[in-house]
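**Student:** Structure below; questions to follow.
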Amino acid sequence: MSSAHSPAPARREAVVTGVGLAVPGLTLPDELLGTVREGGFDPRTGLLGRDLRHKDRASRLALRTAAPALRDAGLLGEDGSAGYTGNGDATAVVVSSNFGILDSVCSFADIIARDTVLGLAPMGLPQTSSNVIAGSVAMAHGLRGPSVTLCNGPTSGLDALYWARALLVAGRAETALVVGVEPDGEAVAKLLGAAAVDGAVALVVETAEHAAARGARVRATLSGCARGADLTAAVTAARAGGPGRTDGAEAPGPAVDLWLTDRPAGEESAPEDPPPVRAAAVLDPTASLGLCSGALGLLQAAAAVAHFDTHAAHTALATCGGPEDDAVAAVFLSGPARTA
Amino acid sequence: MSWDITGMGALACVGGTPAGIFDSLCAGRGGLGPLQVFDHEKYRARQAYEIHDRARPGVDEPGRATRWLLAAIDQALADAGHSEDLAEVPVLVGTTLQEQRSAELWWREGAPLEPDALHFGTALRERYGATRTYTFANACAATLYALAMGTDLIELGEADTVVVAGTDAIGESAFGTLDRVQNDVPEALRPFDRSHRGMLMGEGAVAVVLTREAAPGRRVHGRLRAVGMNCDAQHSTAPDPEGIARVLRETHRRAEIDPADIDLVLLHGSGTPKNDSTEAAVLSRMFPAPGGPLMTAIKSMTGHTLGGSGLLSLAMGALALQRGQVPPVLGLTDPIEEAAGLRLVREEAATAELGLAQIDAFGFGGINAAAILEAAR
């Protein structure tokens, strides 16, 4: 949507400079594209450690993906855990999680019914608010910029990218750590009718000028973000831009090299003619990972970044949501050679 | 830079409209009462600032937070003369607990629950055709955060008008865990008084219609000058004076004002000893005695309405600027030492000519937000 009133500020791109995963069985983002390696993240052994004590499961998963993402972006000191080398005051945290604290909430209600409030553990207090995850990540790395938690349904992960870009182009932050996490648990599995991914993903997003100033390697550009009534509306709005787009910018799509979806081929939406997207390849990460909910959009973006690592001039589109949901979100990404 | 507030809606335990709530506050009428549906045997604290709207007294029902959200937005749209078609209008909802109470009723009592009922976009699509909807679970700074992000959308050319709203219904796990953790059992929420024993939750919803510039002749409730937001990154539940001072300085800078320009502060004032001493100490340094702005803390009558509390304070601030009237801090007779130099309104509403108001909201996760509102004249 363009405003009749204010000219948009000078164009500021948002670029991805780091990716981290804490997804069962996976080590690196290219495994989202089919690369196979031995081992991979195991929540049974990967969620131990002093730094995770007293933390809720979603926070623990998020912390295990935040550090690798920051390290991948060249923003962690040599010893890894200690120093964030960026400007903490200008670094935002954006978290997407729909069911991150659901199991805590349900189990606390059980404990009260059985033992009264005296049975509750005082350390559980932060877990009654969904933003516990963002708080844990901010505290671990000293990130003192805006801290935003989206619980926005199936589109939530892509919506987190929309807001990360808005925070960056509005000048609220120069860097954003964007985390998607969905822990599994008894209540989550009961509500969804299947286990959740029990994993997390993180992306470091920063302004193009900030990345250039510190010599960071750009892995992808967020070239259009939007939420719309259906697939066509979301893709059309995302092509028009998103926060901070100037009128003169080249519109991304509709043809892309890789389309990351959230459903099997042929079930994108109601049949549309012509289809709003033409893609050389289509990938649905949920086919191998299962229910990813609030983490999905960011897993899609991580897959796009991995794709660009070997196809720097390619473009990608990620979409989440369908006719059964309250909206569809779309995010266009482009490889570093595309935007240079 | 500024944005016009052209419509407001709100409901809380002390009133069903912004004006109704404001009148109650000025009259010193609080909404504290015994817990309506939770089993008193299970809790130490047995009071809250609840909305009494359940179909069967004593029997809880799911979906109350969503119902109030829609009621507040209905009011705000009607007040602004805005259509109920929000297909192109972003709606930003701030909340602490989302529909957590509905999840508890599903888990404990088998009430129906669909996963898509846990975020508010589903109901907003049904009611208003809205698709640019965002549920921010940003604890008790949620609605001022949403307000900041709404102003950014307008600045970035993403929209001319946005709806910013908040809602929260009390849930057992959140109420119970707070009850477990607080050292004492509060008899009431008594911000900045030596008798303060902690926080008690309240219920409610609030909405505003925010636009770049109101159409000529259209009433404007107030001009939003700036909203700042940050994170302490220090502690998951305790406030940090440095983070609060930093967000206030940033907000003043964005608004291009000095602290001396401010006539009124609507404090976060949650009634916990830690919040009150921290907030009062930071503000005492920022607004040295004597002089300084009038201050009030509406949670002394509404309870802590959680995610919506910041925007509810802002709506009350708009009415205070319009009417030149400031509600008192109910129950404040003996201020804590850190608040001794602050001009907290006591006993009865104060009258004064007011031009600029500051609104504070701080939340779990160390997140802070503040807004500057200017009277529209």
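**Student:** Among the residues of the range B:201-233, write down those that are within 14 Å of chain A (Cβ to nearest Cβ) and within 30 Å of A:Val132 (Cα to Cα).
**Tutor:** B:Met201, B:Leu210, B:Ala226, B:Val227, B:Gly228, B:Met229, B:Asn230, B:Cys231, B:Asp232, B:Ala233
**Student:** Then there's this: Only one residue in B:Glu88, B:Glu114 is facing chain A (nearest Cβ under 8 Å) and not β-branched (Val, Ile, Thr), so which one is that?
**Tutor:** That would be B:Glu88, the only listed residue that is facing chain A (nearest Cβ under 8 Å) and not β-branched (Val, Ile, Thr).
**Student:** Output the residue which, of all residues in the range B:234-247 that are farther than 13 Å from B:Ala141 by Cβ and aliphatic (A, V, I, L, M), is nearest to the other protein chains (Cβ to nearest Cβ).
**Tutor:** B:Ala238
**Student:** Can you name the residue in the range B:4-55 that is over 29 Å from B:Leu321 (Cα atoms) and among the acidic types (Asp, Glu) and, of all such residues, is surrounded by the fewest Cβ atoms within 10 Å (Cβ to Cβ)?
**Tutor:** Across the range B:4-55, the extreme among qualifying residues is B:Glu41.
**Student:** What are the residue pairs meeting all of these: first residue in the range A:2-26, first residue more than 17 Å from A:Ala249 (Cβ to Cβ) and modelled with pLDDT of 95 or more, second residue of a type in the set (S, T, N, Q) and surrounded by fewer than 21 Cβ atoms within 10 Å (Cβ to Cβ), Cβ atoms under 8 Å, and 6 or more apart or on different chains?
**Tutor:** From residues that are more than 17 Å from A:Ala249 (Cβ to Cβ) and modelled with pLDDT of 95 or more, the pairs are A:Leu21/A:Thr27.
**Student:** With (1) at the interface with chain B (Cβ under 7 Å from one of its Cβ atoms); (2) assigned to a helix (DSSP H, G or I) as the list, and A:Thr149 as the residue in question, which single condition is left unmet?
**Tutor:** It fails just one condition, (2).
**Student:** If I filter the range A:312-332 down to residues being part of a loop (DSSP other than H, G, I, E, B) and more than 14 Å from chain B (Cβ to nearest Cβ), which single residue comes out as farthest from A:Thr232 (Cα to Cα)?
**Tutor:** A:Ala312
**Student:** Next up: Considering only residues of the range B:31-58 that are in a loop (DSSP other than H, G, I, E, B) and within 14 Å of chain A (Cβ to nearest Cβ), which is farthest from the chain's Cα centre (by Cα)?
**Tutor:** That would be B:Asp39.
Residue-by-condition table, conditions (1) assigned to a strand (DSSP E or B); (2) in the same structural domain as B:Arg194 (by TED's automatic domain parsing); (3) among the aliphatic types (A, V, I, L, M):
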site	(1), (2), (3)
B:Ser313	no, no, no
B:Leu319	no, no, yes
B:Leu332	no, no, yes
B:Glu338	no, no, no
B:Glu348	no, no, no
B:Ala369	yes, no, yes
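**Student:** Let me ask something additional. Identify the single condition in (1) within 23 Å of the chain's Cα centre (by Cα); (2) surrounded by 24 or more Cβ atoms within 10 Å (Cβ to Cβ); (3) touching a residue at least 12 places away in the same chain (Cβ under 8 Å); (4) at the interface with another protein chain (Cβ under 8 Å from one of its Cβ atoms) that B:Glu158 does not satisfy, given that it satisfies every other one.
**Tutor:** For B:Glu158, the failing item is (1).
**Student:** Identify, from the list A:Gly171, A:Gly157, the residue that is more than 8 Å from chain B (Cβ to nearest Cβ), out of contact with any His (no Cβ under 9 Å at 6 or more places or on another chain) and surrounded by fewer than 24 Cβ atoms within 10 Å (Cβ to Cβ).
**Tutor:** Being more than 8 Å from chain B (Cβ to nearest Cβ), out of contact with any His (no Cβ under 9 Å at 6 or more places or on another chain) and surrounded by fewer than 24 Cβ atoms within 10 Å (Cβ to Cβ) holds for just one of A:Gly171, A:Gly157, which is A:Gly171.
**Student:** State the number of residues belonging to the range A:239-254 that are within 12 Å of another protein chain (Cβ to nearest Cβ), touching a residue at least 40 places away in the same chain (Cβ under 8 Å) and buried (at least 22 other Cβ atoms within 10 Å of the Cβ).
**Tutor:** The total comes to 4.
**Student:** What are the residues in the range B:161-187 that are over 24 Å from A:Ala113 (Cβ atoms) and touching a helix residue (DSSP H, G or I) at 6+ places or on another chain (Cβ under 7 Å), if any?
**Tutor:** Across the range B:161-187, the qualifying residues are B:Val162, B:Val163, B:Val164, B:Ala165, B:Gly166, B:Thr167.
**Student:** Of everything in the range B:175-191, what is surrounded by 24 or more Cβ atoms within 10 Å (Cβ to Cβ), in contact (Cβ under 8 Å) with a residue 60 or more places away in the chain and touching a Ser or Thr at 6+ places or on another chain (Cβ under 9 Å)? Give them in sequence order.
**Tutor:** Answer for the range B:175-191, where residues must be surrounded by 24 or more Cβ atoms within 10 Å (Cβ to Cβ), in contact (Cβ under 8 Å) with a residue 60 or more places away in the chain and touching a Ser or Thr at 6+ places or on another chain (Cβ under 9 Å): B:Gly176, B:Leu189, B:Arg190, B:Pro191.
**Student:** Considering only the range A:100-146, state which residues are of a type in the set (Lys, Arg) and more than 7 Å from every other protein chain (Cβ to nearest Cβ).
**Tutor:** Matches in the range A:100-146: A:Arg114 only.
**Student:** Taking the options B:Gly31, B:Gly63, name whichever one is modelled with pLDDT of 95 or more, more than 25 Å from B:Ala214 (Cβ to Cβ) and touching a Cys at 6+ places or on another chain (Cβ under 9 Å).
**Tutor:** From the options B:Gly31, B:Gly63, the qualifying one is B:Gly31.
The values are calculated or read from the model by the stated rules, or taken from the named source; none is laboratory data. Keep in mind that what you see is a predicted model, and the values were worked out from it rather than measured. Neighbour counts run over all protein chains shown; Cβ positions are idealised from the backbone, glycine included.
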